[in-house]
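Please read the structure below before turning to the comments.
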């Protein structure tokens, strides 16, 4: 059945729920989990700065992104260890998060993607977009959506 699950996470409360749910599923299936953090390459404008014009030094941004990813993946790894599930974690800065998720699933030989979604509805998706819908559209793998 399913042997390797890809679980994209970002460190939010919602992604922590996805960690727990995916590990429970992996235990039931006898599968391993690949955790993945895909961060956009360009930092977003920081609205707390005057006129939203401040952009961080790219090296500083890269270091912060890497430190955050390592922290989240270490937590995921510990949860997997506690659950008795094989785990590997990866992070990358990418131009398109949805495409990176699909590419990582293919590169690591995953046979299912497990993602959490905010479930914002049509208006929320119009405003914020939906990584989950974009992954669903771009992947041939089964996608389990947690809400």
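The values are calculated or read from the model by the stated rules, or taken from the named source; none is laboratory data. Computed from a predicted model, the values in this text were never measured in an experiment. Backbone-built Cβ (ideal geometry, glycine too); neighbour counts: all protein chains shown.
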Exercise. Quick one: count up the residues across the range 82-118 that are free of Cβ contacts under 8 Å to residues at least 60 places away in the same chain and under 10 Å from residue 7 (Cα atoms).
Key: 1
Quiz item: Of the residues that sit in the range 1-31 and are over 14 Å from the mean Cα position of the chain (by Cα) and exposed (fewer than 13 other Cβ atoms within 10 Å of the Cβ), which one is nearest to residue 136 (Cα to Cα)?
Solution: 1
Quiz prompt | Qualifying strands (runs of 3 or more DSSP E) (wholly inside the range 37-147; at least 1 residues being at pLDDT 90 or above and over 21 Å from residue 18 (Cα atoms)) | solution = 87-94
